Amino acid sequence: MSKASRNPGFFIVPFFQPKEGKAISDIEKGFSEFYRQVEDGTEATLYYGFGSDSKNVVCKECYMNAEGILEHLKEVDSQLKSTLGVANLKSISFMGPEKDMKGVMDATKGLGPMYYDTFASVMWKDNFSPGLDRTLHLMQFFDIKEGKIEEAKKVFEELCQVVEGKDTDTLMYQFGVSGNKIMGQELFKDYGGLMSHM
């Protein structure tokens, strides 16, 4: 296991739903073009992949910095517009340190996004590898009770410290806050990494 870093990742989390008369498969037809553009695109990409169920498609993507997000959005602009011909953007969230995210906020405010300010993170960047993405990704969304946000942040900060001290196949463990909401991003090398983490 490589040395852990407290440098945060910069996330985009978009959820898509098929438009009336369209199916998940119509959205999935565009995956190969997204992947091609990512492979040829910014070197700031840490990982990129899609997942779907019977109602939604989600893209899991993370970048080394906010500039990587902006470069990626330019690179996939035409394919994203094509996708929005068959899908609605149900929601989109961004996570990164607020002090670094102004450019992203200015460029994406028309999408109606949620912005999460990273307050706890640990990453093993050297363990990311190019090629087919076989990572297991957990996304968590918490609604924190009124008056409990600082207490909740402390709990998640302590969790990051515990994970940092464990020899697991964890690639990233990060949390961000927006008002009374907390989003968690947990990335593991594979299913075995998740099991050893638990």
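Of all lysines in the structure, those lying under 24 Å Cα to Cα from K145, and not within fewer than 8 positions of it along the same chain, are K153, K154, K181. Here are some values of Rg and Dmax of the Cα atoms in Å: (1) 34.1, 118; (2) 16.7, 50; (3) 21.6, 79. Which one was computed from this structure? So the calculated entry is the one marked (2). For the range 145-191, the alpha carbon positions stretch 35, 17, 13 Å along the principal axes, listed from largest to smallest. Each of the peptides 19-27, 80-88 was scored by the mean count of other Cβ atoms within 10 Å over its residues; in descending order, highest first, they stand as 80-88, 19-27.
If you stretched the chain out fully between L159 and R134, how much longer would it get, using 0.36 nm times the residue separation minus the C-alpha to C-alpha distance?
The L159-R134 span can extend by a further 6.6 nm.
Be a star and scan the range 53-77 for residues whose amide nitrogen sits under 16 Å from the point 7 Å along the Cα-to-Cβ vector of K22. The answer is 53-59, 77, whose backbone nitrogens lie closer than 16 Å to the label point. R36 contributes an accessible area of around 110 Å² to the protein surface, as traced by a 1.4 Å probe with all chains present. Once the C-beta distance of E150 and M195 is scaled by a Förster radius of 35 Å, the resulting FRET efficiency is 0.65 to the nearest 0.05.
Across the accessible surface of the range 39-198, with the other protein chains kept in place and a 1.4 Å probe, carbon and sulfur atoms take up 50 percent.
Residues H197, H72, ordered by accessible area of protein heavy atoms at a 1.4 angstrom probe radius and largest first, appear as H197, H72. Model label sites at F31 and N88, defined 7 Å from Cα along the beta-carbon direction, differ in position by 2.3 nm. Annotation: per residue accessible area for the range 67-198 equals 55 Å², rounded to a whole number [probe 1.4 Å, protein chains only].
Converting phi to 3J(HN,Hα) with the Karplus coefficients 6.51, -1.76 and 1.60 and the offset θ = phi - 60°, the range 184-198 yields x, 10, 10, 10, 10, 4, 6, 4, x, x, 5, 5, 5, 5, 6 Hz in sequence order, with x at every glycine or proline. Distance between the 7 Å Cα→Cβ label points at D53 and N65: 3.7 nm.
The values are calculated or read from the model by the stated rules, or taken from the named source; none is laboratory data. Every value quoted in this text rests on a predicted model; they were computed, and no experiment measured them. Glycine gets a Cβ as well: all are built from the backbone with ideal geometry, and neighbour counts include every protein chain shown. For accessibility, only protein heavy atoms count, side chains too; no ligands or nucleic acids. Shrake-Rupley method; radii C 1.70, N 1.55, O 1.52, S 1.80 Å.
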